Amino acid sequence: MVAALVALVWCAAQAAAQCNDAQVWVRGEFGQARFNVEIADDDATRALGLMNRPQMATSAGMLFIYPAPTRLSFWMRNTLIPLDMLFADETGVIRHIHENAIPLDETPIHGGDGLTHVLEINGGLAGQLGISVGDALRHPSFDQMDAAWAC
């Protein structure tokens with residue numbers, strides 16, 4: 001009995017360790033993927049985003065967090081690398097994916113209404129991995145009571 005309890009606590013600790021501010025997990029029919037992320041959760045960091053960076057590691061990204069559901073649009077001003085943008089609602093469900101946003105392009109990229117998060121990853125990676133609309137993001141910034149994939 002004690003061994004089973006220790007194993008259960010260890011498993012719960014391992015699951016909790018997988019959910020931290022520096023990582024976003026994506027889960028779908030393709031399986032799971034983890035990205036080491038920088039957080040953009042205030043006006044200054046959201047405005048700067050990934051501008052002026054000549055490259056980004058394959059396993060890296062940036063998670064934009066908004067305090068309440070809203071209509072989101074992005075652009076690629078001063079962004080030097082192509083990006084995939086995964087727009088998610090407050091439960092962490094991906095509602096729209098914009099693949100291979102063109103570097104330096106100032107054309108608005110509309111994600112939709114009722115969104116609270118955008119995960120930016122290297123351009124083409126969502127398609128390569130098989131990430132789709134309807135897949136779920138896992139991160140502590142989602143309300144864990146309503147999250148599609150809670151921590």
(request) Specify the residue with the greatest mean-square fluctuation among Gln23, Gln32, Gln55, computed from a Gaussian network of the chain linking alpha-carbon atoms under 10 Å apart. (result) Gln55
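Taking only protein heavy atoms into account and a 1.4 Å probe, give the accessible area per residue of the chain in Å². Intermediate values should be presented prior to the final figure.
Working: 8010 Å² over 151 residues.
Heavy-atom accessible area per residue stands at 53 Å².
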(request) Express in whole angstrom the spacing between the alpha-carbon centres of the stretch 91-114 and the stretch 115-151. (result) 13 Å
(message) List the residues, sorted by chain then number, that are 5 or more residues from Ala60 or on another chain and whose placed amide H is less than 5 Å from its amide H.
(response) Asn36
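Suppose every K and R has +1 on its Cβ and every D and E has -1 on its Cβ; what is the size of the dipole of the chain about the Cα centre, in Debye to the nearest 20? If you can, show how the numbers build up before the last one.
Details: 8 positive and 17 negative charges, 67 e Å.
For this selection, approximately 320 debye.
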(request) Obtain the nm distance between the two label points defined at Leu80 and Met145 by a simple spin-label model: each point lies 7 Å from its Cα along the Cα-to-C-beta direction. (result) 4.5 nm
(request) Place +1 on the Cβ of every Lys and Arg and -1 on the Cβ of every Asp and Glu in the stretch 9-138, take the dipole about the Cα centre, and give the residue among Ile109, Ser59, Ala136 whose Cα lies farthest towards its positive end. (result) Ser59
(request) Taking Cα Rg over 2.2 N^0.38 Å as the quantity of interest, determine which of (i) 1.09; (ii) 0.97; (iii) 1.18 was computed from the displayed structure. (result) (i)
(message) 7 Å from Cα along Cα→Cβ at both Ile39 and His110: what's the point-to-point distance in nm?
(response) 3.1 nm
(message) Helix-only mean residue ellipticity at 222 nm, the chain, DSSP H runs n ≥ 4 weighted -39,500 (n - 2.57), per residue, nearest 500. What is it?
(response) -5000 deg cm²/dmol
(message) How much length would be gained if the chain were fully extended between Ala60 and Glu99, taking 0.36 nm per residue of separation minus their Cα-Cα distance, in nm to one decimal?
(response) 12.4 nm
(request) Quantify, in whole percent, the carbon and sulfur part of the accessible surface of the chain (1.4 Å probe; protein heavy atoms only). (result) 56 percent
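The values are calculated or read from the model by the stated rules, or taken from the named source; none is laboratory data. Predicted, not measured: the structure shown is a model, and the values here were computed from it. Cβ coordinates were reconstructed from backbone atoms using ideal geometry, including for glycine residues, and neighbour counts include every protein chain displayed. Please note that ligands, DNA and RNA were not included when accessible areas were found on the heavy atoms of the full protein model with its side chains. Shrake-Rupley method; radii C 1.70, N 1.55, O 1.52, S 1.80 Å.
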